[in-house]
1. Counting only residues that are aromatic (Phe, Trp, Tyr) and either under 30 Å from residue 308 (Cα atoms) or modelled with pLDDT under 75 (or both), give me the helices (runs of 4 or more DSSP H) lying completely in region 333-452 with at least 1 of them.
2. Here is a check on your reading of the model: is residue 235 in a loop (DSSP other than H, G, I, E, B), under 25 Å from residue 120 (Cβ atoms) and at pLDDT below 90?
3. Within region 148-196, track down each residue that is part of a loop (DSSP other than H, G, I, E, B), farther than 26 Å from residue 220 by Cβ and open to solvent by less than 30 Å² (accessible area, probe 1.4 Å).
4. Go through (1) of a type in the set (A, V, I, L, M); (2) buried (at least 22 other Cβ atoms within 10 Å of the Cβ); (3) not in a helix (DSSP H, G or I) and name the single condition residue 132 misses.
5. Going through region 274-293 one residue at a time, which ones are part of a helix (DSSP H, G or I) and surrounded by fewer than 16 Cβ atoms within 10 Å (Cβ to Cβ)?
6. Determine the pairs where a residue that is on the phi > 0 side of the Ramachandran plot, located within region 144-156, has a partner that is at pLDDT below 95 with Cβ atoms under 8 Å apart, the partner being 6 or more residues away or on another chain.
7. Within region 102-118, track down each residue that is surrounded by 15 or more Cβ atoms within 10 Å (Cβ to Cβ) and of a type outside the set (A, V, I, L, M).
8. Looking at (1) open to solvent by 70 Å² or more (accessible area, probe 1.4 Å); (2) part of a helix (DSSP H, G or I); (3) of a type in the set (S, T, N, Q), can you tell me which one residue 478 breaks?
Amino acid sequence: MPDKKNYTGEELCNLKNQLKTNSSIFISQWDTCRFFYKPQTRADWIFTNNVPSKRVPQATIGMRAKSILSSGLYSNTINLSDDFFSFTITNKELAEDNNIKDYFAKCTEIAVEKLAASNYALSTFETIDDYVVVGNGVQYSEMSKETKQLRFQNFMVNHVAIAENPDGKVDTVFRNFEMTAAQAYAKWGDKCPSCVKEAYESVESRYDNFKFFHAAFPRQLNYKDGESRPVPGDLVSPENMKYCSYYVFEKDKEIIEEGGYNTFPYAVCRFQKNESNNPYGRSCSFDGIGSMQALSNLIANLQDGIELKVNPPVFMPPGASDQSDIDLTPGAYNFYDPMWGTPQFYQSDIDLGAGLTYKEILQKEVMEIFYADLFLMLEERKNMTATEVAERVAEKVQSILPVVARLYDELYSTTLVRVFYLLLESNAFPPMPEELREVWGTNEIRVSYQTKLDNKLKQLELGQVVKTLQELALVYETKTNFPDIEASIKIDQLAKEIPRLNNVSPDVIKSDKETDLFYEAKAEAEQAAQQQMAIDSNTKPLDLQAPVDPDSILAQTQGGLGGQQYF
């Protein structure tokens, strides 16, 4: 962005149009994905285009697979009945200070309560649903001026143009939206353009729609030497806030409202981002479009085939008609040469069984593309052993972890850090410890998570550990029963490779140095035990009731004393 504090409406329109070129190439793909995976979108399309429902086969497997992934990600990563996240600070030394830990624990507890009292859960699920379908989710957060409560909104990426900063984070959003004259006047009052106010005052046009856009991006602020810079949490004037905010009436390129944000209000999450020069994401739904199109065509053909089997066309002699064209639609009548004599039914050779088999293959492909099999296994793992779960979902877990990591980073962390500062600015938190206040401007808030998905993944890791222990036990049992096997197999080296091959966390695997120290300590302990056994075998306890051995030193001593005993 140019190095300036204020922009004209025309400049903002030009900036928006520059960013629109990146999103326009994806519009048709996003619409196609919504058609196959969003039931409401399909219903709207059928109604708008007056298409007979028969010609649009309801292949619902895409909608079901999408729902499993959306609900699976949501229910396994958010739990507002508990602290599914916690705040801390990037400085590790300060993060371990008891006063600071207590402060952030209280802040986390308050934030969870505020989120539970807001529409955060509903907005986040809808954002994740869009994120799964089109690969991009957009969530807006603010503190309501009227109710003083947190408020969240999610927006379709079709209406948004975005840009990234040098670190790949989205820090620029231009969002198109429409408002009726009544809505616009309720929001801005007399600041509305004259045409909007005129529409509002007319009963006939009060609910006419008008186009606006919202622009939010970093404001280039120039500070003089020695001038203090505001840090997040400080109350500063809008023109000195880090991010600017403009509401623009697009028709007249007129700025209606100008403001600012201390923290970026939009969280834009991308499912996967494969192109470094394009800020938009791509989801697994793109990969499933081919299967969904093939499945829709197959279902249409199967429907026709079944109708031909059940209600085949009839061939009969002419009598009531001179029809000559062949009509093979179900139940059709075809009139031909009277030599045929009696009516005949059309014999269809369509192999419905093969078609149904192919349908199952396509449906399985779609379910796998959306990781639906993974989430179903995670829920049904109670009927499987730890080894079975580990073997069946290990590959899927590895493929979805980058997706979950990006979801945490771009949606949850971005929004929750903003929530922290919104609550801090509204004095919802207890007083900040002095040692934290002193370094506040040089450190950043960090969010850590303890979610259901994390716990399930840890259980999977535990399953890998159990599987590894079973294999190691078998190896060492074989070594004990067949000692000569070490002549051809390096047993200890094999024992080190098994945990690595099973993807066991390095945290629970001892290093080569630790293993050597273990064996050295074990050898020393065994040597000490043998020495102690030798000492014990040569040392007999004194039995005062037993007769004195005449050859012992005690007997000789007693004899030298005249046989007198002193015991």
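1. By residue number, 352-369.
2. yes
3. 192, 193
4. It is condition (3) that residue 132 fails.
5. Residues satisfying the conditions are 287, 290, 293.
6. Note: pairs meeting the criteria are 148/426.
7. Correct list: 103, 104, 107, 108, 114, 118.
8. (1)
The values are calculated or read from the model by the stated rules, or taken from the named source; none is laboratory data. Worth saying up front: this structure is predicted, and the values here are computed from it rather than measured. Note that each Cβ is placed from the backbone with ideal geometry, even for glycine, and that neighbours are counted across all protein chains shown. The accessibility values were calculated without ligands, DNA or RNA, using every heavy atom of the protein model including side chains. Shrake-Rupley method; radii C 1.70, N 1.55, O 1.52, S 1.80 Å.
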